[in-house]
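Read the structure below first, then the notes.
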Protein chains: 2
Amino acid sequence: MKVAVHILWTPDEKSMERLTSLLHPDVEVTTGENVEPGAEYEILVSGRPKREAMTASSKLHSLVIPFTGIPQITRELMKDFPNVAVHNLHYNAATTAEYAVTLMLAASKLLIPFDRAFRQHIWALPRQSNQSTFLEGKTVVILGYGEIGRRVARACRGLGMKVIAVRRSASEKVPEGADEVHPVGALEKVLPRANVLQIALPQTKETENLIGSRELDLLPEGAILVNVGRGTTVEEEPLYNALKERRLFAAGLDVWYEYPKGPNRGAGKPSPPSKFPFHELDNIVMSPHRAGWSEETELRRFDYLAELVNHAARGEPLPSRVDLVLGY
Amino acid sequence: MKVAVHILWTPDEKSMERLTSLLHPDVEVTTGENVEPGAEYEILVSGRPKREAMTASSKLHSLVIPFTGIPQITRELMKDFPNVAVHNLHYNAATTAEYAVTLMLAASKLLIPFDRAFRQHIWALPRQSNQSTFLEGKTVVILGYGEIGRRVARACRGLGMKVIAVRRSASEKVPEGADEVHPVGALEKVLPRANVLQIALPQTKETENLIGSRELDLLPEGAILVNVGRGTTVEEEPLYNALKERRLFAAGLDVWYEYPKGPNRGAGKPSPPSKFPFHELDNIVMSPHRAGWSEETELRRFDYLAELVNHAARGEPLPSRVDLVLGY
């Protein structure tokens, strides 16, 4: 079955080669930022399409967002196109999960300040309190048990940790890789057991400010918080204070509160990620929203794209559909 | 069976409480740096005992080194006491293994330079090459498959890695947690497959300079090296050059070439760990020999000590005996 796909940017040569080599022969791909009215693509690939790209082809039936989640601006736009289905590419869930585990471990050993001091040839830091948290035998609560959360769980079990999954609505069956599962409504009950709180939630109305000062206070002494979902899930000021006052042992954060404006992440101009001076804290690993990125993962994006549009060529429904009401 | 144990230092109160609570009623413990001739202890606990402590008691039959391995000076001394058995406490193998996995992951994501730039509010580093290595599906070669190596293996499998164990002499049976096992003589054959080389070897004549420029050159492109064993296993200059020239993607090093002299790690005085400027490199996580240390692990040391001397009280042979010829 012939399928016309338009990618709303120009991928590099290596990526296009990879994509072409994997495509079903019936799939035809065009690329580029500009589309003309009267175009005939049925599938559009773009995270933040302009309205013109949505209306240029009357045959359009599916929008593929080439990552996980849906930007707010796209979610709004899509309300005007109820007949166009939205799909995600979860191509970097494994990469993001591995990064989340990296942040957890690096935070638990205070790797950053020890590296910094040691580069000045200082072997020991003033020992005010515990300087390294051993995770084996401890409990990790994974908030959001989707493509990323399940992979974080598997790695945590390899480290000898106990895994508690928290999902929007817990089915009775404990999902693969978890020791327990609870609905988000039972969060207060599980937080006191969370030696590590791993957050891998999408940005939705329900997840915004889900973790505030009340929730942070419920965590046990010496807890570690990792966020690779969206910054807005954790309230900014209570998080800063909990770290500054060492009520949290440490945090590993890849997602933030203020993002650089403009293309290319502000083209290298410094841009603070928060109104609070997180950068002054020693008990934090600061990461500029890069969990899901690696060179080989980017190539994988095109593997996933080929796999997805090949479904259409085979006359099968496209996978990973996004529910616009839930937002993921 | 009555057993007299002397600890050749004065542990803090919390540690002594823990120890006493776990001891067999027949075990009697004395502590302190000084011992008098005519003492009657049968087991001495010390990593670097003076000769006087070895001769003070004619009943001495066992020396317990309260960590893994045997310092060279102690190994020399023990040649004069062939009737005293030497034992190790592997109390921190799990902690060290977890730290080795932490170094591997932090190195693979270049966590250090990204954190440093981001604290200056810089979101992106100049992209010269790959900036993050994804480990799932990659191969880790674990050099030294003892108490630490086996635990590193388990965590690596949780990350979806393939595990190759390298031991002094490979038995035919693949040990628990590994996909393959090879003798150290076959190192040249396995190094080209090592996306990660994890080193957890003791310091012996056989391990010194085991990894030199020839071995580093055999590693595949983009490899990561982690060393939590002893610095001397990897030749200093070739390692520095391989990192500087980016033939290695990155390294995580907890063990070094020059150590501070004197008590308390040189009492905070800066002391370079190498004659090469490793501290100028971005593709390294520098850690001041702290892999095996955490507050809760220190308490565990006394759990292990109690467990070991209780064997004697029950009339059983002491575990974890050190072979003075092999050095571990």
Q. Is it the case that region B:300-314 has a residue that's open to solvent by 10 Å² or more (accessible area, probe 1.4 Å), at pLDDT 95 or above and in a loop (DSSP other than H, G, I, E, B)?
A. yes
Q: Would you confirm whether any residue within region B:78-93 is part of a helix (DSSP H, G or I) and within 14 Å of chain A (Cβ to nearest Cβ)?
A: yes
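With of a type in the set (S, T, N, Q) and surrounded by 23 or more Cβ atoms within 10 Å (Cβ to Cβ) as the only criterion, which of B:Thr139, B:Thr96 stands out? Working first, answer last.
Details: B:Thr139 fails: surrounded by 23 or more Cβ atoms within 10 Å (Cβ to Cβ).
Exactly one of B:Thr139, B:Thr96 is of a type in the set (S, T, N, Q) and surrounded by 23 or more Cβ atoms within 10 Å (Cβ to Cβ), namely B:Thr96.
Listed here are the residues, each with its yes/no results for (1) at pLDDT below 95; (2) open to solvent by less than 10 Å² (accessible area, probe 1.4 Å); (3) farther than 30 Å from A:Ala106 by Cβ.
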residue: B:Asn34; (1), (2), (3): yes, no, yes
residue: B:Ser57; (1), (2), (3): no, yes, yes
residue: B:Ser62; (1), (2), (3): no, yes, yes
residue: B:Arg75; (1), (2), (3): yes, no, yes
residue: B:Ala100; (1), (2), (3): no, yes, no
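Taking into account only those residues within region B:169-201 that are hydrophobic (A, V, I, L, M, F, W, C) and part of a helix (DSSP H, G or I), which is surrounded by the most Cβ atoms within 10 Å (Cβ to Cβ)? If you could, list the steps in order and put the result at the bottom.
If we filter region B:169-201 for residues that are hydrophobic (A, V, I, L, M, F, W, C), which is where we start, we get B:170, B:174, B:178, B:181, B:184, B:186-187, B:190-191, B:194, B:196-197, B:199-201.
Then drop every residue that is not part of a helix (DSSP H, G or I), which leaves B:184, B:186-187, B:190-191.
On the way: B:Val184: 17, B:Ala186: 12, B:Leu187: 18, B:Val190: 20, B:Leu191: 22.
Checking each candidate, the answer is B:Leu191.
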Q) Looking at this structure, is A:Ala291 among the hydrophobic types (A, V, I, L, M, F, W, C), within 11 Å of chain B (Cβ to nearest Cβ) and in contact (Cβ under 8 Å) with a residue 40 or more places away in the chain? A) yes
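Taking only region B:98-121 into account, find how many residues are more than 7 Å from chain A (Cβ to nearest Cβ) and without any contact (Cβ under 8 Å) to a residue 40 or more places away in the chain. Reasoning before the result, please.
We begin by selecting, within region B:98-121, every residue more than 7 Å from chain A (Cβ to nearest Cβ); these are B:100, B:103-104, B:107-108, B:110, B:113, B:116-117.
Now drop any that are not without any contact (Cβ under 8 Å) to a residue 40 or more places away in the chain, which leaves B:116-117.
Number satisfying all stated conditions: 2.
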Q: Only residues that are in contact with a strand residue (DSSP E or B) (Cβ under 7 Å, 6 or more places away or on another chain), open to solvent by 60 Å² or more (accessible area, probe 1.4 Å) and among the β-branched types (Val, Ile, Thr): list them for region A:2-32, please.
A: A:Thr10, A:Thr30
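Could you please find all residues in region B:122-149 being touching a strand residue (DSSP E or B) at 6+ places or on another chain (Cβ under 8 Å), more than 7 Å from chain A (Cβ to nearest Cβ) and of a type outside the set (A, V, I, L, M)?
Initially, region B:122-149 is screened for residues touching a strand residue (DSSP E or B) at 6+ places or on another chain (Cβ under 8 Å), giving B:130, B:133, B:135, B:137-145, B:149.
Add one more test, that the residue is more than 7 Å from chain A (Cβ to nearest Cβ), and what stays is B:137-145, B:149.
B:Gly137, B:Lys138, B:Thr139, B:Gly144, B:Tyr145, B:Gly149 - these are the residues of region B:122-149 that are touching a strand residue (DSSP E or B) at 6+ places or on another chain (Cβ under 8 Å), more than 7 Å from chain A (Cβ to nearest Cβ) and of a type outside the set (A, V, I, L, M).
Residue under question is B:Thr31, and the condition is that it be farther than 16 Å from B:Pro319 by Cβ and in contact with a Gly (Cβ under 6 Å, 6 or more places away or on another chain); does it hold? Show your work before the answer.
Details: farther than 16 Å from B:Pro319 by Cβ: yes; in contact with a Gly (Cβ under 6 Å, 6 or more places away or on another chain): no.
No: the conditions fail for B:Thr31.
Give region B:157-168 a look and list any residue that's closer than 11 Å to B:Tyr145 by Cβ and in a strand (DSSP E or B), or say none.
Listed by number, the residues that qualify are B:Val163, B:Ile164, B:Ala165, B:Val166, B:Arg167.
Might you let me know whether region B:319-328 holds any residue that is hydroxyl-bearing (Ser, Thr, Tyr), open to solvent by 60 Å² or more (accessible area, probe 1.4 Å), within 22 Å of B:Ile73 (Cβ to Cβ) and outside any helix (DSSP H, G or I)? Break it down stepwise before answering.
The initial filter retains those residues of region B:319-328 that are hydroxyl-bearing (Ser, Thr, Tyr), namely B:320, B:328.
Next, from what is left, pick out any that are open to solvent by 60 Å² or more (accessible area, probe 1.4 Å): B:328.
Next, from what is left, pick out any that are within 22 Å of B:Ile73 (Cβ to Cβ): B:328.
Pick out the ones that are also outside any helix (DSSP H, G or I) and you get B:328.
Yes, that holds for at least one residue.
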Q: Quickly run through region A:222-269 and pick out the residues that are outside any helix (DSSP H, G or I), within 12 Å of another protein chain (Cβ to nearest Cβ) and either farther than 20 Å from A:Glu98 by Cα or open to solvent by 20 Å² or more (accessible area, probe 1.4 Å) (or both).
A: A:Gly222, A:Phe249, A:Glu258, A:Tyr259, A:Pro260, A:Lys261, A:Gly262, A:Gly268, A:Lys269
Q: Among the candidates B:His279, B:His289, single out the residue that is touching a Lys or Arg at 6+ places or on another chain (Cβ under 8 Å) and more than 30 Å from B:Val27 (Cα to Cα).
A: B:His279
Q: Would you confirm whether any residue within region A:154-162 is more than 14 Å from chain B (Cβ to nearest Cβ) and either more than 20 Å from the chain's Cα centre (by Cα) or of a type in the set (A, V, I, L, M, F, W, C) (or both)?
A: no
Q.
Which count do you get for residues in region B:283-299 that are within 15 Å of the chain's Cα centre (by Cα) and open to solvent by 50 Å² or more (accessible area, probe 1.4 Å)?
A. 2
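Out of the residues in region B:102-131 meeting the condition of being crowded, with 24+ Cβ neighbours inside 10 Å and touching a helix residue (DSSP H, G or I) at 6+ places or on another chain (Cβ under 7 Å), tell me which one is nearest to B:Ser320 (Cα to Cα).
Restricting attention to region B:102-131, the residues satisfying the condition of being crowded, with 24+ Cβ neighbours inside 10 Å are B:102-109, B:111-112, B:118.
Narrowing the set further to residues that are touching a helix residue (DSSP H, G or I) at 6+ places or on another chain (Cβ under 7 Å) leaves B:102, B:105-106, B:109, B:111-112.
On the way: B:Thr102: 27, B:Leu105: 30, B:Ala106: 32, B:Lys109: 37, B:Leu111: 37, B:Ile112: 37 Å.
Filtering first and then ranking leaves B:Thr102.
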Q | The lone exception for A:Asn83 - which of (1) in contact with a His (Cβ under 8 Å, 6 or more places away or on another chain); (2) open to solvent by less than 100 Å² (accessible area, probe 1.4 Å) it fails | A | (2)
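The values are calculated or read from the model by the stated rules, or taken from the named source; none is laboratory data. Not measured: the values here are computed from a predicted model. Every residue, glycine as well, gets a Cβ built from its backbone with ideal geometry; the counts of neighbours run over all protein chains shown. Just the protein is used for accessible areas: all its heavy atoms, side chains included, with ligands, DNA and RNA removed. Shrake-Rupley method; radii C 1.70, N 1.55, O 1.52, S 1.80 Å.
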